[in-house]
Amino acid sequence: MKRAITSDNVSGADNQQERLAYGQWIVGFTDGEGCFTISIIKNKTTRFGIQIFPEFVITQGAKSILALKKIQKFFKCGSIVLNKRYDNHNEHLYRYCVRSVTELSTVIIPFFSKNKLQTNKKNDFLIFKKVVSLMVRKKHLAEKGKEKILVLASRMNRKKKRI
């Protein structure tokens, strides 16, 4: 007698198709509402007086928080943070954020390397990927590595000045 085997494992054909479609939705969502950024924050307690924070973020109004929860569940990492607004908007913002270099390098970067962004954000992603790779290899802890990261970060997100 054969038994039906059910599983939450996404390796079955149906689950692979569903995961692929969901992945494409996440890519589109990120193209529209997400960003890859390298924040440079002054911090006198660090070796070079700055801290380097790579971050993947998707922002939504409170009415769309369920979309962020679905994305967080898909990636199985990151956090959702409330950003209260006191301007003329009627709802607060929520940010899905992944800041852990480990999670960025093992979850987020492999996903977007496989599932290509369609907008100019792909250029920011490629730079982001280089910076995270440098940080995984601890290059940001040396002057030369820090300088390389600062140059790379200055080419991202409309070429903002970083420090």
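The values are calculated or read from the model by the stated rules, or taken from the named source; none is laboratory data. The structure presented is a predicted model; accordingly, all values stated were derived computationally and were not measured. Backbone-built Cβ (ideal geometry, glycine too); neighbour counts: all protein chains shown.
Across segment 110-160, the number of residues qualifying as in contact with a Gly (Cβ under 6 Å, 6 or more places away or on another chain) and farther than 12 Å from I52 by Cα comes to 1.
Name the residues in segment 75-93 that are surrounded by 15 or more Cβ atoms within 10 Å (Cβ to Cβ) and at pLDDT 95 or above, would you?
Hits for segment 75-93 are F75, C77, G78, I80.
Inspect all residues belonging to segment 146-158 and state whether any of them is assigned to a helix (DSSP H, G or I), acidic (D, E) and under 16 Å from F29 (Cβ atoms).
The initial filter retains those residues of segment 146-158 that are assigned to a helix (DSSP H, G or I), namely 146-153, 157-158.
Going one step further and asking which of them are acidic (D, E), we end up with 147.
Checking which are under 16 Å from F29 (Cβ atoms) leaves us with none.
No - not one qualifying residue is present in segment 146-158.
The residue of segment 31-74 that is surrounded by the fewest Cβ atoms within 10 Å (Cβ to Cβ), among those that are hydrophobic (A, V, I, L, M, F, W, C) and closer than 17 Å to T106 by Cα, is F53. Sub-6 Å Cβ pairs linking a first residue in segment 25-52 that is closer than 26 Å to E147 by Cα to a second residue that is modelled with pLDDT of 95 or more and among the charged types (D, E, K, R), at least 6 apart or interchain, are F36/D124; T37/E55, ordered by first then second residue.
Scanning segment 42-52 for residues that are closer than 27 Å to H140 by Cα and within 11 Å of the chain's Cα centre (by Cα) turns up nothing. Comparison of L117, L68, L104 shows that the only residue that is in a helix (DSSP H, G or I) and touching a helix residue (DSSP H, G or I) at 6+ places or on another chain (Cβ under 7 Å) is L104.
Here's a check for you: in segment 73-101, which residue that is assigned to a strand (DSSP E or B) and not aliphatic (A, V, I, L, M) is farthest from the chain's Cα centre (by Cα)? Per the criteria, the residue is N83. The condition of being under 19 Å from the mean Cα position of the chain (by Cα), at pLDDT below 95 and more than 26 Å from K42 (Cβ to Cβ) does not hold for N157.
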